[in-house]
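Student: The structure that follows is given in the form of structure tokens.
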Amino acid sequence: MVLRERRGKNGVGILVDRDIRELVVEVRRVNDRFMSIKLVVGGFTINVISAYAPQVGLNQEVKKQFWDDLDKMVRSIPHTEKLFIGGDLNGHIGASSRCYDDVHGGYGFRDRNEGGNLLLEFSRAFDLVIANSSFPKREEHMVTFRNSMGKTQIDYLLSRKCDKGMCTDCKVIPSEHLTTLHRLLVMDLDIKRSRRKRAGCRKPKIKWGNLTKDKDQELGEKLLDMRAWMSMGDASSM
């Protein structure tokens, strides 16, 4: 995901690798703060939402509208499909998982604030986990935002609890910048291709090795009763 500036307004976008662009089956741009894409990868349907929460200084009505819109987006995605949410969510979840150990992995940065509480409540409501709180990291791999005033963690990646096992790592790449202030947050996913048996595409095998002496005699008697001695061809076709 990438945040961008366009004509003085906030905007979001999603970058897709050239090798998998053919796997994208749907693109939805809701407004300047929300965008989603749907991909089919390895037999799974995967939804990726890019979100950009209102800044701290904006009024409560704007913030409420953001969470209401995100609520509608998530509700529109079937539970059978994978879901990943990422972006600048402008909240501090803090280093402690206090009261939210079902969604907070216990690894965060500094103190929690009101925006962090909203994020944690939202995650709990939709059975999501915050991926970058699930892995122990050094400070430089947790801090997602730096400016002249200090450093903090306001960018997050979320996934459904049932898909937590797919995430093998999540951390900040300190040397890579999305802008002059935001650092690149990366999540590694292990997506295994589903193996489905194809019915009717292979001929059934006859396991001659299972034909013991006793079964041999029993089969011989059945074949005689069926007048199989009148059949023509090899043993398999007979």
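Student: In Å², what does the accessible area per residue of region 25-120 work out to with a 1.4 Å probe? Before the final figure, lay out the partial values.
Tutor: Values: 4620 Å² over 96 residues.
The answer is 48 Å² per residue.
Student: What is the projected area of the convex hull of the Cα atoms of region 30-165, averaged over all directions, in nm²?
Tutor: With every direction weighted equally, the projected area is 8.7 nm².
Student: Of the heavy-atom accessible surface of the chain (probe 1.4 angstrom), what whole percent is carbon and sulfur?
Tutor: Reported share for carbon and sulfur atoms: 51 percent.
Student: How far apart, in nm, are the 7 Å Cα→Cβ label points at residue 224 and residue 125?
Tutor: That separation, rounded to one decimal, is 7.9 nm.
Student: What is the helix-to-structure angle for 60-75, meaning the angle in degrees between its Cα long axis and the longest Cα principal axis of the chain, kept from 0 to 90 and rounded to the nearest 10?
Tutor: Roughly 0 degrees between the two axes.
Student: If the cut-off is a Cα-Cα distance under 22 Å, which lysines reach residue 64, setting aside same-chain residues fewer than 8 apart in sequence?
Tutor: Result set, ordered by chain and number: 9, 72.
Student: Remind me, relative contact order of the chain in percent, using alpha carbon pairs under 8 angstrom and six or more residues apart?
Tutor: After rounding, I find 13 percent.
Student: Find, to one decimal place in angstroms, the Kirkwood hydrodynamic radius of region 91-201, where the mean of 1/r is taken over every pair of different Cα atoms and then inverted.
Tutor: Working: mean 1/r = 0.0668 Å⁻¹.
It is 15.0 Å.
Student: Give me the angle, in degrees from 0 to 90, between the Cα long axis of helix 114-125 and the longest principal axis of the Cα atoms of the chain, rounded to the nearest 10.
Tutor: Orientation of helix 114-125: about 20 degrees from the principal axis.
Student: Kirkwood-based Rg over Rh for region 82-122 (C-alpha set), two decimals? Write out the running numbers ahead of the final one.
Tutor: Numbers: Rg = 10.0 Å, Rh = 10.5 Å.
Here Rg/Rh amounts to 0.96.
Student: Find the all-direction average of the projected area of the Cα convex hull for region 1-107, expressing the result in square nanometres with one decimal place. Working shown, then result.
Tutor: Working: hull surface 35.2 nm².
That works out to 8.8 nm², a quarter of the Cα hull's surface.
Student: Pop a pseudo-label 7 angstrom from the Cα along the beta-carbon direction at both residue 161 and residue 205 and give the gap in nm to one decimal.
Tutor: 4.3
Student: Now a separate question. Which of the lysines could be linked to residue 207 by a straight reach, that is with a Cα gap under 27 Å, when you skip same-chain ones fewer than 8 residues away?
Tutor: 197, 215, 222
Student: What ranking do 215-224, 163-172 get when scored by the average of other Cβ atoms within 10 Å per residue, highest first?
Tutor: Taking the mean over residues of other Cβ atoms within 10 Å, the ranking is 163-172, 215-224.
Student: Under 22 Å Cα to Cα from residue 151, which lysines show up? Leave out anything in the same chain fewer than 8 places away.
Tutor: 137, 171
Student: Let me ask something else about it. Near the amide H of residue 170, under 5 Å away, which other amide H atoms are found, from residues 5 or more places off or on another chain, if H is placed in the peptide plane?
Tutor: Under 5 Å from the amide H of residue 170: 188.
Student: While we're on this one: Calculate, in whole percent, how much of the Cα-Cα pair population of the chain lies beyond 32 Å.
Tutor: 35
Student: Considering only C-alpha atoms, what is the centroid distance from region 107-163 to region 41-90, in Å?
Tutor: 15
Student: Compute a Gaussian network model of the chain, connecting alpha carbons closer than 10 Å, and tell me which residue from 207, 137, 192 fluctuates the most.
Tutor: Ranking 207, 137, 192 by mean-square fluctuation puts 207 first.
Student: At a Förster distance of 30 Å, what's the computed FRET efficiency of residue 188 paired with residue 151, Cβ-Cβ distance as r, to 0.05? Let's see the in-between values first.
Tutor: Numbers: r = 24 Å, r/R0 = 0.79.
Taking R0 as 30 Å, the efficiency between residue 188 and residue 151 is 0.80.
Student: Order these peptides, 55-63, 85-93, by their mean beta-carbon neighbour count within 10 angstrom, highest first.
Tutor: Taking the mean over residues of other Cβ atoms within 10 Å, the ranking is 85-93, 55-63.
Student: Give the residues of region 164-189 whose amide nitrogen is closer than 20 Å to a point set 7 Å from the Cα of residue 23 in the direction of its Cβ.
Tutor: Those under the cut-off are 164-171, 185-189.
Student: Restricting to Cα pairs below 8 Å that are 6+ residues apart, what does the relative contact order work out to for region 55-162? Please round to a whole percent.
Tutor: For region 55-162, the relative contact order is 29 percent.
Student: Same structure, new question: What list of ³J(HN,Hα) couplings, whole Hz, do you get for region 171-184 from phi and the Karplus terms 6.51, -1.76, 1.60, once you set θ to phi - 60° and write x for glycine and proline?
Tutor: 7, 7, 9, x, 7, 10, 10, 7, 9, 6, 10, 8, 9, 7
Student: A further question follows. Where is the GNM fluctuation largest for the chain (alpha-carbon springs, 10 angstrom cutoff): 148, 36, 133?
Tutor: Among 148, 36, 133, the largest mean-square fluctuation in the Gaussian network model of the chain belongs to 148.
The values are calculated or read from the model by the stated rules, or taken from the named source; none is laboratory data. Given the structure is predicted, the values throughout are model-derived calculations rather than measurements. Virtual Cβ from ideal backbone geometry, glycine too; neighbours counted across all protein chains shown. Remember, those area values only see protein heavy atoms, side chains included, never the ligands or the DNA or RNA. Shrake-Rupley method; radii C 1.70, N 1.55, O 1.52, S 1.80 Å.
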